[in-house]
Amino acid sequence: MEADKPLLIAGKPYASRLIIGTGKYKSYAENAAALEASGAEIVTVAVRRVNLSDPTKERLTDHIDPKKVTFLPNTAGCFTADDALRTLRLAREAGDWKLVKLEVLADQKTLYPDMEETLRAAKILVAEGFEVMVYCSDDPVYARKLEDAGCVAIMPLGSLIGSGLGVQNPVNIRLIVEQTRVPVIVDAGVGTASDATVAMELGVDGVLMNTAIAEAKDPIRMARAMKHAIIAGREAYLAGRMGKKKYADPSSPLGGLI
Amino acid sequence: MRLTVNGETREAPDSATLAELLASLGIDGRRVAVERNREIAPKSLWAEIALCEGDQVEIVQFVGGG
């Protein structure tokens with residue numbers, strides 16, 4: 001049996017195919033414990049104003065060390081390309097990293113990505129030397145445009161951010177996987193372990209999730225479940241599933257029956 | 001002079017530098033980025049950048065997010 005290759009993003013190998021968010025946890029300590037249990041090597045982080053009234057308040061970096069875990073700054077909450085660019089330029093200044101997650105949202109209710117603005121921002125970021133992992137709709141046409149623009153990972157939604165509805169359009173995810181030469185990572189929509197497995201069985205290279213772990217009753221146990229779910233889905237994809245049949249096919253031999 | 005820092009009005013001594021402002025606010029400069037009038041102020045220049053009346057300063061850091 002051939003060993004699996006590591007996930008390669010912008011030339012850097014990662015043993016884990018799970019990327020987790022750092023939002024919505026009860027505390028940064030719980031977040032750090034969930035990270036440990038998940039085995040993830042990349043975490044998404046947001047860029048926000050320092051709290052002036054209490055600048056010594058504990059910080060994310062007090063609990064998760066950016067020297068050990070790859071920080072992936074995001075543009076959550078940005079509804080225009082210009083806001084996203086401003087946020088990521090600040091992120092690069094704060095952390096001195098080029099790898100970023102671009103998302104430009106269109107609508108408060110669905111947090112659906114605005115693909116026109118996303119593509120515009122992606123082109124500018126690539127020209128400025130950023131390595132762009134891009135949150136996008138599950139539209140294979142836009143996925144190709146983003147890849148052609150030089151994005152280092154294409155990250156279509158499984159379903160709406162924070163919805164926990166799982167992969168709603170497996171056909172489109174498969175089409176994106178088939179055509180894309182950079183990693184494809186399902187970003188958003190995973191609700192429980194089986195959703196992550198389904199995504200991996202479609203052949204995606206990884207899954208990014210936040211709420212499914214953070215809002216589980218026991219986030220640390222769910223983080224561990226997700227670690228196994230990602231491995232199970234990946235292994236099943238590599239193994240190649242059996243064909244589906246319309247009727248039963250006995251597993252015990254028919255010959256030698258008494 | 002009067003400045004706007006992270007959306008709040010703040011008083012600072014005339015011709016204070018960015019480094020002095022951050023120190024007066026008690027902000028640890030590690031893993032922080034600063035924008036002055038929508039332009040990034042590189043960390044290496046904080047000690048040299050003299051602030052002016054009405055400047056808009058944003059100081060950001062990484063927080064938990066999905």
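Worth pointing out:
- Accessible surface area normalised per residue over chain B is 50 Å², counting heavy atoms of protein chains with a 1.4 Å rolling probe.
- Integer Hz, Karplus 6.51/-1.76/1.60 couplings in order for region A:210-215, x for Gly and Pro: 10, 4, 4, 8, 5, 9
- Label-point gap, in nm, between residue A:26 and residue A:249 - each point 7 angstrom along Cα→Cβ: 4.8
- Per DSSP, loop trypsin sites (Lys or Arg not before Pro) in region A:65-161 with at most 10 further Cβ within 10 Å: A:67, A:68, A:109
- Of A:247, A:25, A:14, A:142, the residue with the largest accessible area leads and the full order is A:247, A:142, A:25, A:14 (1.4 Å probe).
- Cα pair distances exceeding 15 angstrom across region A:168-246, given as percent: 56
- Taking only alpha carbon atoms, the protein assembly as shown gives an Rg to Rh ratio of 1.07, where Rh is the Kirkwood radius.
- Kirkwood-based Rg to Rh ratio, region A:131-175, C-alpha trace: 0.99
- Note on A:90-103: average number of Cβ atoms from other chains within 10 Å of each residue's Cβ is 3.
- A 1.4 Å probe run over the protein chains yields, for chain A, 49 Å² of accessible area per residue, whole-number rounding.
- The three principal axes of the C-alpha atoms in region A:1-58 carry coordinate ranges of 57, 24, 16 Å, sorted with the longest axis first.
- Distance from the C-alpha centroid of region A:85-128 to that of region A:151-225: 20 Å, rounded to the whole angstrom.
- Residue A:171 paired with residue A:232, simple spin-label distance in nm, labels 7 Å along Cα-to-beta-carbon: 2.7
- Rg and Dmax, both from the Cα atoms of region A:35-99 and both in Å, are 13.0, 36.
- The spacing between region B:36-62 and region A:38-64, judged by their C-alpha centroids, is 21 Å.
- Note on region A:127-258: Rg/Rh from C-alpha atoms, Kirkwood Rh, equals 1.11.
- Placing dummy labels 7 Å off each Cα toward the beta-carbon, the span from residue A:36 to residue A:97 is 2.0 nm.
- Look at the alpha carbon pairs under 8 Å that are at least 6 residues apart: their mean separation over the length of region A:130-258 gives a relative contact order of 19 percent.
- A P(r) calculated from all alpha carbon pairs of chain B, with 10 Å bins opening at zero, reads 21, 60, 16, 3, 0 percent.
- Heavy-atom accessible surface of residue A:16, to the nearest 10 Å², is about 20 Å², with a 1.4 Å probe and all protein chains retained.
The values are calculated or read from the model by the stated rules, or taken from the named source; none is laboratory data. As the structure is a prediction and not an experimental result, all values here were calculated from the model. Neighbour counts are summed over all protein chains in view; Cβ atoms, including those assigned to glycine, are modelled from backbone coordinates with ideal geometry. Just the protein is used for accessible areas: all its heavy atoms, side chains included, with ligands, DNA and RNA removed. Shrake-Rupley method; radii C 1.70, N 1.55, O 1.52, S 1.80 Å.
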